[in-house]
Every structure is written in structure tokens, then in C-alpha cells.
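What follows is a single structure, written as C-alpha cells, with notes after it.
The values are calculated or read from the model by the stated rules, or taken from the named source; none is laboratory data. This one's a predicted model, so the numbers in the text were calculated from it and none came from an experiment. Please note: Cβ atoms are built from the backbone with ideal geometry, for glycine as well, and neighbour counts cover all protein chains shown. Accessible surface areas use protein heavy atoms only, side chains included; no ligands, DNA or RNA. Shrake-Rupley method; radii C 1.70, N 1.55, O 1.52, S 1.80 Å.
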Amino acid sequence: MLAAGRQGSLAGADGTVALGLQLTVSGRAAGGRVAPVSKETTTLRQRPFLLGLFLVTSTTLAVEVLDTRILSVLTWYSLAFLVIAMGLFGITAGAVRVYLNPDAYSADKLASRLSRDSLELAVAVPASYVLLLLLPLRIAFVWTTVIEFIVFAAIIAMPFVSAGSVIAAALTRTPFPVGRVYAVDLAGAAVGAPLVPALLWLTNAGPAIIALGGVAALGSAAFAHSGGDVRRTRRGLHVAAGIFLLSLVDASVPNGLVPLWVKGHPENREIVQLEDWNSHSRIQVWPVTTELPALWGEGTCDKKPVSMRLLVIDGDAATPLYHADHGIETLDFLRCDVTNVGNEVRPHGSAAIIGVGGSRDIQSALLYGHDSVVGIELNGALLDVLRGPMGHPTRVVEDPRVELVHDEARSYLARTPETYDMIQASLIDTWAATGAGAHALSENGLYTIEAWDMFLDRLKPGGIFTVSRWATGETARLVSLAAATLIERGAPRAREHIALVEGGRVATLVLGRDPLTPEDVGRILEVSKRRNFRIRALPGVPDAGPKLTAMLDATTREQIEDEALLEMLDFRPPTDERPFFFNVVRLNAWGKDMPGQMAGGLDGNRLATMTLALALFASLVLAFGAIVVPLWRRARPRGARGPTLWAALSYFGLIGVGFMLAEIGLLQRLSIVLGHPSYSLIVVLASLVASAGIGSLLSDRLPLDRAPYCFVYPVVLALLVGALVVVMPGLAPEIEGQSLVVRISFAVALCSVLGMALGVAFPAGMRIFGGAHEDEAPWLWGLNGIGGVIASSVALVIALEWGLSSTFAASAGCYLLLVPAILVMRKGAPAADPKAAG
């Protein structure tokens, strides 16, 4: 049997965590030493062995980060938590395989087995990718969806089962100094996450993820070479060469291994003239057509055909590239869109456009006569299109009045000393897709009280902030957010600052830094009459509807929240604490009818809630089938089954749940600070992987298995996590206005301190519980992994209902509950041998 008790153990969700690189070795367990390997039975070479481990761990984390980007195209960004859960599940299942097959990973077979598992990983990476391309994931209220979701989740998990076996065996059966092996493991994991942006800069996602399979094959060759197996070494090199060749071919042909289904619909590749990927999105540019323009919020208008292209983001969010070869005046039809009500009110002066897209809003600002227009765009690929030959006909880049800025809008506006007559944000999302279902569980830092307060600070006296969104339940949330922001700023009557106008499927909110003037009201009335727009709210104009009226007339934020929180709908104003602007359907509304006008257009929200439930169910099914069942069949608990066993199981389950709750909370909270979920994913996971592993490695130098320290460290961990509840709301706004380098440095420092501290819990637990429950060791780290898998979904439920700080509070509670578990263990177990405790 694998020496999982006193001499070697697999660390859990907080050994190296993150994205699933979960079962790293504490290397010590109860005794503080790895299982001894006889010098007579091993002839492994150290350098190729360490190289193989480095390549496998870097591949593992890179694949998981890249999977989240691919799923943003195939499905929705909000499914990133499913990738985290499946990575965690897969690596746990792989570690179970090592435990249940000890003979296959004996010292004399270790190199060949690691080579074989690495080669399995090399094949599984592109195979998983291809299967994801073929399977159309559609969320519907039918039982078939449940089966499909489980299959989809299993496909995601495929590569990580192989990776888990390699990592577990390499770190528990190594004949080399464990500190050195562990350091290489951490280095590979830390390199894997930031490797993704570099790969996407060189090529698209398909060739990138295929190439990662080739990297794993090189790891297979390195492991084989460490054992002197020439045949397997050559096989690994040949497979690597073949996979790299496949990657080059896929990158060279226009329609290689590409998605057949995007967002549940077949994708037409024949009309794609340009495709580019980066860590934010996949963009496609379609051919030039001449047709009547389709406006977002169209009013009464005489339109003429116009030459244009469509720029499509992540398969669903389309923005036009209107040609203005004969002058910007030829785009006069833009005046017919309700999104330009703000330009009607402030047609001159300086304008800042949040989200350039295809430059439509910039063209509108120029058309109305603004003398200075700053376009702020996070996605550099969109700016590259505008600056290239396909964007030249828009006549935006060459206009001396236009300045294009590649930055996150909230951070840029917080830093700049400039002020504007108008700031405009039209249908700006997280670049994952535009449907409500796509974003229902995604955060967005542009739509919070804190963000809007800062936007109003960047307006000149009399300036306006105009926001356009789909005229669904989001309309009520726009009003509550605007009213709450004004109340927080001390405005005596929010209604005097707000106009809400609808046209077609879009509602535009005009929010004045100062009360709207009679001239402003007159312009809005005139353009609404001329374009046949619908006025929902305007100073001096009644009939906004009872709920909107109550929010507009509220004098305190509490009054707004009371009116905005309904039985099944939640229109309360988002904050940085609860930044889920796009989700207005409460979790208790799933499967219920939601009558009423305010619930219109929210089917996507309900489907997103169903997606969360399906992800949790799929995680439970797969964890039970691949972890619990194998362990129960071949490693049933044989030791004491009294209170100490339950205390041990509770301990390791709690640290798995607690770590993942903290991790998901950091991912969501820091996505606002960093400006995009992709930044958060890469920075947070790389930092947590390295720091939690270092904490696990250093834990053996601390007497954490002895009183009083065994009771102190859980309290310290709880206090550290709980401190985020107090520190983050005040510190984050100070950081968000800094440069990207400063924001990333802050995120790295925060995650490193927390990760290093939390990393001690697993190895300390093995030292406390491992001696009495050596036979149950696989159950301890198995339950630890399952706890992390389940918590990845539960964390979203907590955040949606009670806010991000609640995830940290729940995490702190889990670590605090370790104290009674340790107390039960010490009372029920015989005194430990001080020498055995190391």
C-alpha cells in the first residue's frame, strides 16, 4: 500500500489548490518524511524526472485556464466555476487511482508508469478539446439536459485524471529530496497560468490547447529518460512531435479543429474572414455587406442601406463596423437609436465612451459634434481590428478628435484627471456573451454604486452619464442603481437627475451629475416624440410605474432596497460586495412562474440558475462514482469508527470547503479590482498555487500537531480569512485606480499571504489525525477533494444571495470548526509519541 499514513500523503484543496491542482504532496503527513525508497531499487535520474514533473504541472494549470476561455465561446463565462470543480475532481480521482494501484507505482516501475500517465495526459488534452467542440451544450428544462451536463463535465475532467495520477505518484513516491521535487511542482504550476496569454498572443485557442498536449508528451519522454527507458523516451518524443505538428496544421488552415456549436447553435464558418483569440475573448470579423442597418433601440427613422461588417465577440455579442468612406454624415441613421439620447442632451463638448467595440458609439459622438472623444477599450483585439484594414473604413482612427485607450474603463477613469461632458456605456458586458443567461452569474464592476459614483466624479458640472441596457428586468435595476448612487452622494431628490427612455428592445438611462435642466427635459421630450421613444421616467413627467416611482422618490438607500427586493426577483442596486448586475432572479424562483411586466425577458436568468444546479449535481455524481465508490470497494475504513474518525473526516472536508470558498471569493472580488475575470483567474490561481504549496511545505517546521498550537492555528486561519470581510471593501477602491502592474501586485501579495497560511491546514491535519487513522488516509484527502468540488458551486450560491464577503465569512467559519474536530481527536486518541510526531 502507498504509505499514506506516517510516511507520505497527498495534500488537498489547500495544499496547492486552485484551479484544481489540488492534490500536491504535503510529503510529510504524520511523520514529516516521505516514504523511503531503497537505493537498490531505483536508478532514476533527477534532472529529467524534475523536468517531467514541471512540464506536467504547467500543462495542467494552463489547460484549466484555457478551458475557461474556450467555454466562454462554447457556452458562457459563468461556467468557469465548473472548470475549477472538474479540475479539482479529476486530480482527486487520479490520486485515488494511485492509491488503489500501489504495485503499478512501485519504485522499479515509477518512471515507466509516470511516462505512461503523462502520455495519457498528452492524448487526453486534445481529445477533451475535440469532444467539447462536438457536443452542443444546451440548457433546457428537460431530463436530457441533466445527462448531457454530466457528460460535458466528465469531458472537461478527462485530462486532469491523468494529471492527478502523475502529480500524486511523483510527489509521494519520489526518491529525491521532497523539498526540491515540491519546489519544481510549484514552479510548473505557477508558470502554467500566465502561459495562457502568451499562447493566445501567438495563436488561437485550438492550436494552443493542442500544443499543450505536446508539452505533456515531452514530460512523458522526460520521465522515461529518467528511468533509462529508451523505447518510451522515443515514443514520448514521437507523440510530442505529432501533436505539435497537428497544432501547426490546425493553426495554418482556416477551418481546422473549430467549434461546430456555439452557445447551443451551429456556427457558420464560411463567413468568417478574420478570427483572433486573446485572454479576454474570441473575435470574428464577417464580410462586407450592404444592407439596412439594424439598430439596437430603433425608433421612427428613414434608413438607407449602408456598407458594414459585423464583429462578433465570443460567438454571440455582435457589434457593427459601419463604413463612413463618404463622411461621418452618411451615418445619420444613428440618430434614430435610443442609445444616443445622451448625445441629444449633450451634443457638444468632450465625451468618454466605455467599450469601443466596432466604434459605433464613437461615430455617433462625432456625428453629433463632440470636439473630443476618448474611447476606452479593454479588449486589445478589437482595437487591432479598428487600426487595421478592416477598421479603416470606419474613419475613426484617423480622426484627430478621437483618442483610443487600451485599458479597463473603471481603472482608467479613476486615474485620469480629465473630466467630460458625457460618459456613455451602451450594452457593455463582460465580453462573454450578451444574453441574460450568459451573464446571470457573472460579475461586472462597471455596474455598481462605487463605479457609478466615480463616473459621476469624472463629469464636468452639468455633465451626464448615459447607460443603455436591454429593456428587461435590467431596467428596474438600472433605476435602483442610479437612485442609490445619487442618495449616497447626498442628492436630495434622485428623480430630478434621472431620465429613462425606451426604444425597441433597449432602455437608455440618462443620469445627471446635477439635476437635469428644463432644457434637458425639453430635448428628451422632443426627441422621444420625433422618434417614437417611450418615456419611462423624466423629471416632471408622471407614470413611471409604481415600483420605479417608489425607487425614484426614495430618500434612503434602505427604502430603495425594500422596494427592489421582491419574492422572486432582486432589483437591489449592485455594489462591489454584490456585483451581480445581470442576475435579477432569486434562487428560490427556479421552476416557478414569474408573472408581471418587471419579470419580462428573464428566461436566461432562470436558465443560468438551472446551470448552477446542474453543475452542482454533475459534480456530486462524478465525485461519487469516481472517488467514493472506488474507495468504498477497495479501501473501506478499517480503523476506529467512533468519534475520532468522524472528527478526522469533518476536519478534511471542512478545509476543502473552506479553501474553495475563499478561492472563489477572491476570484470574484479581485476580478473587479483587476478589471476582468480573465485577469483574476490567471493571477489568483497562479499566486494561490505557489503560496499554498509553500505553506504546506513549511508547515512541518512548526509544532502544529501539539497543544496549544493545534488549537491556535485554525483560529489564526479563520481570522485571516475573516479579515477580508473588513479589509477588502475599504482597500479595493484605493487600488482600482492604480496601474495594472500595481493592481496585479496587490492581488499577488494578498493571495500569497492568504495562500501560504491556508496551506498549512492539510499537512498539519495529517500529523494530527494520520497516526490514529492511517488506514483511512485516502478517505481523508478524498473527502477533502470532494469538499472543494462541492464548494465551487456552493460559493456562487452564497455570493449571489448574501454577497462576496459572505463567502469569506463562511470560509472562516469552516476553519474555526476545525477546533472542535481537533479537540475530539485529542480526547479520543492515545497520546502521540513525540518522536513519531517529528
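Out of curiosity, is Glu298 touching a strand residue (DSSP E or B) at 6+ places or on another chain (Cβ under 9 Å) and at pLDDT below 90?
yes
Is there a residue being open to solvent by less than 10 Å² (accessible area, probe 1.4 Å) and under 18 Å from the mean Cα position of the chain (by Cα) anywhere in the stretch 650-660?
yes
If I filter the stretch 176-185 for residues that are within 24 Å of Pro259 (Cβ to Cβ) and either among the charged types (D, E, K, R) or in contact (Cβ under 8 Å) with a residue 24 or more places away in the chain (or both), do I get at least one hit?
Within the stretch 176-185, not a single residue is within 24 Å of Pro259 (Cβ to Cβ) and either among the charged types (D, E, K, R) or in contact (Cβ under 8 Å) with a residue 24 or more places away in the chain (or both).
So the check is Cβ under 6 Å with 6+ separation or different chains; which pairs have a first residue in the stretch 656-669 that's under 17 Å from Gly803 (Cβ atoms) and a second one that's open to solvent by 10 Å² or more (accessible area, probe 1.4 Å) and β-branched (Val, Ile, Thr)?
Listed pairs, sorted by first residue: none to list.
What residue, among those in the stretch 462-475 that are small (Gly, Ala, Ser) and surrounded by 24 or more Cβ atoms within 10 Å (Cβ to Cβ), is farthest from Ser350 (Cα to Cα)?
Across the stretch 462-475, the extreme among qualifying residues is Gly473.
Conditions (1) open to solvent by 60 Å² or more (accessible area, probe 1.4 Å); (2) within 24 Å of Ala451 (Cα to Cα), marked per residue:
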{"position": "Leu685", "(1), (2)": "no, no"}
{"position": "Ala690", "(1), (2)": "no, no"}
{"position": "Gly693", "(1), (2)": "no, no"}
{"position": "Leu697", "(1), (2)": "no, no"}
{"position": "Pro708", "(1), (2)": "yes, no"}
{"position": "Pro714", "(1), (2)": "no, no"}
{"position": "Val725", "(1), (2)": "no, yes"}
{"position": "Gln738", "(1), (2)": "yes, yes"}
{"position": "Pro763", "(1), (2)": "no, no"}
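Are any of the residues in the stretch 325-347 touching a His at 6+ places or on another chain (Cβ under 7 Å) and open to solvent by 10 Å² or more (accessible area, probe 1.4 Å)?
No: zero hits.
Just checking, how many residues over the stretch 810-831 are at pLDDT below 90, buried (at least 16 other Cβ atoms within 10 Å of the Cβ) and not in a helix (DSSP H, G or I)?
Residues in the stretch 810-831 being at pLDDT below 90, buried (at least 16 other Cβ atoms within 10 Å of the Cβ) and not in a helix (DSSP H, G or I): 1 in total.
Kindly establish whether Ala183 is part of a helix (DSSP H, G or I) and open to solvent by less than 10 Å² (accessible area, probe 1.4 Å).
The answer is no for Ala183.
So which of Val527, Val506 is more than 29 Å from the chain's Cα centre (by Cα) and either farther than 21 Å from Ala409 by Cα or open to solvent by 50 Å² or more (accessible area, probe 1.4 Å) (or both)?
None of the others qualify; the one that does is Val527.
Among the residues of the stretch 677-729, write down those that are more than 25 Å from Glu64 (Cβ to Cβ) and among the aromatic types (Phe, Trp, Tyr).
Passing the criteria: Tyr709, Phe711, Tyr713.
Mind listing just one residue for me: the one in the stretch 380-421 that is of a type in the set (Ser, Thr, Tyr) and over 30 Å from the mean Cα position of the chain (by Cα) and, of those, most open to solvent (accessible area, probe 1.4 Å)?
Selected residue: Thr419.
Go through the stretch 348-379 and give me each residue that's under 19 Å from Glu398 (Cβ atoms), touching a residue at least 60 places away in the same chain (Cβ under 8 Å) and surrounded by fewer than 21 Cβ atoms within 10 Å (Cβ to Cβ).
Selection gives nothing.
Go over the candidates Ser687, Ser671 one by one and state the one that is closer than 30 Å to Asp429 by Cα and either at pLDDT below 85 or among the basic types (Lys, Arg) (or both).
Ser671
Between a first residue in the stretch 510-530 that is more than 12 Å from Val338 (Cα to Cα) and a second residue that is among the aliphatic types (A, V, I, L, M) and assigned to a helix (DSSP H, G or I), which pairs have beta carbons less than 6 Å apart while being 6 or more apart in sequence or on different chains?
As it stands, the answer is Leu511/Ala482; Arg513/Leu456; Asp520/Val345; Arg523/Val345, since those pairs meet every condition given.
Looking at Val196, is it closer than 23 Å to Thr75 by Cα, touching a Lys or Arg at 6+ places or on another chain (Cβ under 9 Å) and in a helix (DSSP H, G or I)?
So Val196 fits the description; yes.
Looking at Ala107, Ala95, can you tell me which residue is in contact with a helix residue (DSSP H, G or I) (Cβ under 6 Å, 6 or more places away or on another chain), open to solvent by 10 Å² or more (accessible area, probe 1.4 Å), modelled with pLDDT under 90 and farther than 23 Å from Ser680 by Cα?
Answer to the selection: Ala107.
Restricting to the stretch 110-144, count the residues that are open to solvent by 50 Å² or more (accessible area, probe 1.4 Å) and in contact with a Pro (Cβ under 8 Å, 6 or more places away or on another chain).
Counting residues in the stretch 110-144 that are open to solvent by 50 Å² or more (accessible area, probe 1.4 Å) and in contact with a Pro (Cβ under 8 Å, 6 or more places away or on another chain) gives 0.
Glu275: surrounded by fewer than 20 Cβ atoms within 10 Å (Cβ to Cβ), among the acidic types (Asp, Glu) and more than 27 Å from the chain's Cα centre (by Cα), yes or no?
No, not satisfied.
Which of the residues spanning the stretch 31-78 are at pLDDT below 70 and part of a helix (DSSP H, G or I)?
Hits for the stretch 31-78 are Lys39, Glu40, Thr41, Tyr77, Ser78.
With Asp520, Asp576, Asp570, Asp593 as the choices, which residue is at pLDDT below 85 and acidic (Asp, Glu)?
The match here is Asp593.
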